[in-house]
Amino acid sequence: MGAGAARWSCARCKVSVGRLDGSTTPLPTTWSRTGASTFCLICSRALAGEAAMDSAPPACSRHERFLLRRDAVIRFEIGRTPLAPDRIIARACRTSPKKVASVRKALGDIPFHHPTAARGGV
């Protein structure tokens, strides 16, 4: 979708972005569009977590709901930036790289960029 706008507003939190000169700009790369609505990255993450909560069985404990939300946000981030290292996704999701690795492994077919050691050395 190559359409641009002078300002983009998040349908959930109402934050808006645009160029100072008022010229048309494409949707920011960290934003998402669902139908006619646009969402900033923070709200997109929140919506992913809320969708998991909505699909949770009514008998779920508070801890189980926390785990569902956390895993949903991690899956969202992996889907958004599949080549990002686990530590970067973990920081964005406020969790551990080990947990991101376990969710990534469970997803299976999503590619992963393994960081390599710097060349040149000491």
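Please treat every number below as a calculation from the coordinates, not as lab data. Fair warning: this is a prediction, and the values are worked out from it, not measured in the lab. Glycine gets a Cβ as well: all are built from the backbone with ideal geometry, and neighbour counts include every protein chain shown.
Numerical summary
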{"item": "For Leu47, net neighbour charge (Lys/Arg +1, Asp/Glu -1) across residues whose Cβ lies under 14 Å away", "result": "+3"}
{"item": "Karplus 3J(HN,Hα) series, Hz, for the stretch 96-102 with 6.51 cos²θ - 1.76 cosθ + 1.60 (x for Gly, Pro)", "result": "8, x, 4, 5, 4, 4, 5"}
{"item": "17 Å Cα-Cα reach of Lys98 towards aspartates and glutamates, excluding residues that sit fewer than 8 places from it in its own chain", "result": "Asp71, Glu77, Asp86"}
{"item": "Rg [Å, one decimal], Dmax [Å, integer] - the chain, C-alpha atoms", "result": "17.5, 57"}
{"item": "Whether the stretch 41-107 is rounded, prolate or oblate, judged on the alpha carbon gyration tensor where a/c under 1.5 counts as rounded", "result": "prolate"}
{"item": "Long-range HN-HN contacts of Thr38 with modeled amide H, under 5 Å", "result": "Ala11"}
{"item": "Nitroxide proxy distance, nm - points 7 Å out along Cα→Cβ at Thr81 and Ala36", "result": "3.2"}
{"item": "Charge-dipole axis of the chain as Lys and Arg at +1 and Asp and Glu at -1 on Cβ define it, positive-most pick from Phe66, Pro26, Thr38", "result": "Phe66"}
{"item": "Dipole magnitude of the chain, debye to nearest 20 (Cβ charges: Lys/Arg +1, Asp/Glu -1, about Cα centre)", "result": "340"}
